[in-house]
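Below is one structure, written out as structure tokens, with a few remarks after it.
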Amino acid sequence: MSLRNSQRSSREWLLLGVALLLVGGVVIPLWRMTGTEESRTAFLNNWTPQRLGKLIVGPEQAVCYVCFTWSGLILMRRYFEVRRQRTAFGYDLLPTDEGARILPEDARPLARKVDQVMARDGSTILANMIRLGLGKYAISKSGPDVAEVVRNQADVEQSRFVATMGTVNYLAWAIPAVGFLGTVRGLAGAMGLSRPKDQDVQDYIDKYIDQVKDHLGTAFDCTFVALALSLVLMYILHSVQRSEETLVIDCQDYCQEHLLLRLYDPQPHDGVSLVVAGRS
């Protein structure tokens, strides 16, 4: 079977490389022209191992790491499930010879063949769509009825993908929320130093400024880590969701090409086709 159209590379990574080259070609020369050697050295010297450790280690950061890892494992499992589902396109589920037709009396033997494949290699969206479509064709012998069954099953599978992504969507929201919680904790700590009656005013001010700087650093570090993890997670989430959506679209496309257009309808109807939403 030929490679599905929506599975072909869109060259997005190539475009990303071009974008990086264009931006880098402008930003790096400007940075060298506008900055001094001393400012660049001071910037690099600020990121000491101690500063980096304070940035990435903390209670809120640890919670963000747990949420990110949990959601990443869920998305990885879903990605490998999509890859497993795509192996069904290589199965011999339907006749693919040019000019082959599917008669009403062929529906049940083909459905039993699909059941055997599902029992051997596990259930797949494509095999389930074909099985339901053939079952409907064996009963109604109507192409439009088969198209409606396949379309409805595609909607069910798409809705199932959306519904089962609820945990990941919550974690993607929770990560920046935890970061902002750390920000609030840092801001609250920055304002919490009281001056004893016998303490010198100047000494109190110095300690207060040091405390504010320390707690503000904690607050902004939490926010930085949380937003950075959220950006990465949202891209992975988008990629997995797109792979699931294109899987359903390709299953509809396969059914259109190898099932619906090959059905023999003694009373043909106009417009018997499966409209695949989202095709460009």
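The values are calculated or read from the model by the stated rules, or taken from the named source; none is laboratory data. These numbers come from a predicted model, not from an experiment. A quick note on method: Cβ atoms are made from the backbone with ideal geometry, for glycine too, and the neighbour counts reach across all protein chains shown.
The criterion of at least 1 residues that are modelled with pLDDT of 90 or more, surrounded by 15 or more Cβ atoms within 10 Å (Cβ to Cβ) and among the small types (Gly, Ala, Ser) is met by the following helices (runs of 4 or more DSSP H) wholly inside segment 96-197: 125-140, 143-163, 166-190. Among the residues of segment 38-68, the ones that are at pLDDT below 65, under 23 Å from residue 226 (Cβ atoms) and not polar (S, T, N, Q) come to 2 in all. Beta carbons closer than 7 Å, at least 6 apart along the sequence or on distinct chains, pair a first residue in segment 57-83 that is touching a residue at least 24 places away in the same chain (Cβ under 8 Å) with a second that is of a type in the set (Ser, Thr, Tyr) for 58/218; 74/167; 79/243; 82/243.
For the condition among the aliphatic types (A, V, I, L, M), at pLDDT 90 or above, in contact with a Phe, Trp or Tyr (Cβ under 8 Å, 6 or more places away or on another chain) and in a helix (DSSP H, G or I), what is the one hit in 237, 233? One residue alone meets the criteria, 233.
Report yes if some residue within segment 105-115 is of a type in the set (Asp, Glu) and closer than 19 Å to residue 90 by Cβ; otherwise report no.
Within segment 105-115, the first condition is being of a type in the set (Asp, Glu), and the residues that meet it are 105-106, 115.
From what's left, closer than 19 Å to residue 90 by Cβ: 115.
Among the residues of segment 105-115, at least one is of a type in the set (Asp, Glu) and closer than 19 Å to residue 90 by Cβ, which makes the answer yes.
Listed conditions (1) among the aliphatic types (A, V, I, L, M); (2) modelled with pLDDT under 85; (3) touching a helix residue (DSSP H, G or I) at 6+ places or on another chain (Cβ under 9 Å) are all met by residue 201, apart from (3). Can you confirm whether segment 28-37 contains a residue that is modelled with pLDDT of 85 or more and either within 26 Å of residue 252 (Cβ to Cβ) or in a helix (DSSP H, G or I) (or both)? Checked against the condition, which is being modelled with pLDDT of 85 or more and either within 26 Å of residue 252 (Cβ to Cβ) or in a helix (DSSP H, G or I) (or both), segment 28-37 yields no hits at all.
Within segment 66-94, if we keep just the residues that are in a loop (DSSP other than H, G, I, E, B) and in contact with a helix residue (DSSP H, G or I) (Cβ under 7 Å, 6 or more places away or on another chain), the residue that is surrounded by the most Cβ atoms within 10 Å (Cβ to Cβ) turns out to be 93.
Of a type in the set (Gly, Ala, Ser) and under 20 Å from residue 154 (Cβ atoms): is that true of residue 123 in this structure? Steps first, answer last, please.
Numbers: of a type in the set (Gly, Ala, Ser): yes; under 20 Å from residue 154 (Cβ atoms): yes.
Criteria met by residue 123.
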